[in-house]
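One structure is given here, and the rest of the page talks about it.
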Amino acid sequence: MTTSAAPLSQDELKTLVGQAALQYVVAGEIVGVGTGSTVNKFIDALATIKDQIPGAVSSSVASTERLKALGIKVFDANEVQRLAVYIDGADEIDGQGYMVKGGGAALTREKIVAALADRFVCIADESKLVDALGNFPLPVEVIPMAAGQIARRFEAMGAGVTAQIRMKDGAPLVTDNGQHILDVRGLKIAEPLAFESQVNQWPGVVTVGVFAHQKAAVCLLGTATGVKTLTY
């Protein structure tokens, strides 16, 4: 009698894609490192080859602390001119490699580090793959004094669109950059490139969580049958 193996948990899928991302790390080059629970698995894996790289550029205080705790040197983004690769997760990714990011509130620094990189490698479990962006609440980092007017501009986009300040411990969440996050629900983002360009022009928007101009070149997707590699 044979028994089928139990399906992998989401945590196990994250571990698999975190380890798979090591093949995209270029020996002798500083690596860009994102933020989040899946990236934490990659950081743990990266520690096993830390002697092969000079260090990392990190997109958040949390990732910086984890990297340093594992003995990986962290460089300031201003110290590097380019990165061979940036490895980060996503809250959503579509068939073109366009993403929604910012569930962990680090979207601005993530986009800055992504812009330094020749290649964005997204690591995610298959629940993050979508036909169209917008099911996940869109994070938008905003300067606090502009939050109200930006929320109204989003809500004017259509019936059912809402924008709310993200809260933490009863007060507005404050990002690593000292700003607030609006979470926008009810959007269907049909043209991610145009949408990102449009919203980034609004006064008071620091960064919108659509990553279309800094889209993924590769996505390592954790599935029930192992890691699936999507290229764009």
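The values are calculated or read from the model by the stated rules, or taken from the named source; none is laboratory data. Because the structure is predicted, anything quoted here is derived from the model rather than measured. Here Cβ is always computed from backbone atoms with ideal geometry, including for glycine, and neighbour counts include all displayed protein chains. Accessible surface is based on the protein model in full, side chains and every heavy atom, while ligands, DNA and RNA are left aside. Shrake-Rupley method; radii C 1.70, N 1.55, O 1.52, S 1.80 Å.
State whether the stretch 88-154 is rounded, prolate or oblate according to the following rule on the C-alpha gyration tensor (a ≥ b ≥ c being the square roots of its eigenvalues): a/c under 1.5 gives rounded; otherwise a/b larger than b/c gives prolate, and the remaining case gives oblate. In terms of gyration-tensor shape, oblate. For the stretch 129-217, trypsin sites (Lys or Arg not before Pro) are listed when DSSP marks them as loop and at most 16 other Cβ atoms sit within 10 Å of their Cβ; the list is LYS188. When Rg and Dmax are taken over the Cα atoms of the stretch 115-202, they come to 14.4, 40 Å. Our estimate of slack between GLN164 and TRP202, defined as 0.36 nm per intervening residue step minus the Cα-Cα distance, is 12.0 nm. Label positions at GLU65 and LYS50, each projected 7 Å from the Cα along the C-beta direction, are separated by 1.7 nm.
Only helical runs count toward this figure. For the chain, summing -39,500 (n - 2.57) over DSSP H runs of n ≥ 4 and dividing by all residues gives -7000 deg cm²/dmol at 222 nm. Computed over protein heavy atoms with a 1.4 Å probe, the accessible surface of the chain works out to 47 Å² per residue.
Its relative contact order, with pairs defined as Cα atoms under 8 Å and 6+ residues apart, puts the chain at 22 percent. With the simple spin-label model, which puts each label point 7 Å out from Cα in the Cβ direction, the THR225 to LYS188 separation comes to 3.0 nm. Just the protein heavy atoms count here, and of the accessible area of the chain at 1.4 Å, carbon and sulfur take up 50 percent. Computed over the stretch 105-232, relative contact order equals 36 percent, with contacts defined as Cα pairs under 8 Å that lie 6+ residues apart.
Relative to the dominant Cα principal axis of the chain, helix 37-46 is inclined by about 30°.
The shape of the stretch 153-232 comes out prolate: with a ≥ b ≥ c from the C-alpha gyration tensor, a/c is at least 1.5 and a/b beats b/c.
Distance from the Cα centroid of the stretch 118-179 to that of the stretch 22-74 is 26 Å (rounded to whole angstrom). With respect to the chain, whose longest principal axis is taken over its alpha-carbon atoms, helix 10-20 is tilted by about 60°.
Charged side chains reduced to their Cβ positions (Lys and Arg at +1, Asp and Glu at -1) give the chain a dipole of some 160 debye around its Cα centre. Out of every Cα pair in the stretch 17-121, what percent are spaced more than 19 Å from each other? Within the stretch 17-121, distances greater than 19 Å cover 34 percent of Cα pairs.
Build a GNM of the chain with springs between Cα atoms under 10 Å apart, and of LEU220, LEU70, LEU13 the one that fluctuates most is LEU70. If you sort the three axes of the alpha carbon gyration tensor as a ≥ b ≥ c, you get a/c of 1.5 or more for the stretch 100-139 and a/b no higher than b/c, which makes it oblate.
Largest accessible area first, the listed residues SER127, SER197 line up as SER127, SER197 when surface is computed with a 1.4 Å probe on the assembled protein chains. Just to confirm the number: angle between the C-alpha axis of helix 107-116 and the first principal axis of the chain, 0 to 90 degrees, nearest 10? On a 0 to 90 degree scale, this one is about 60.
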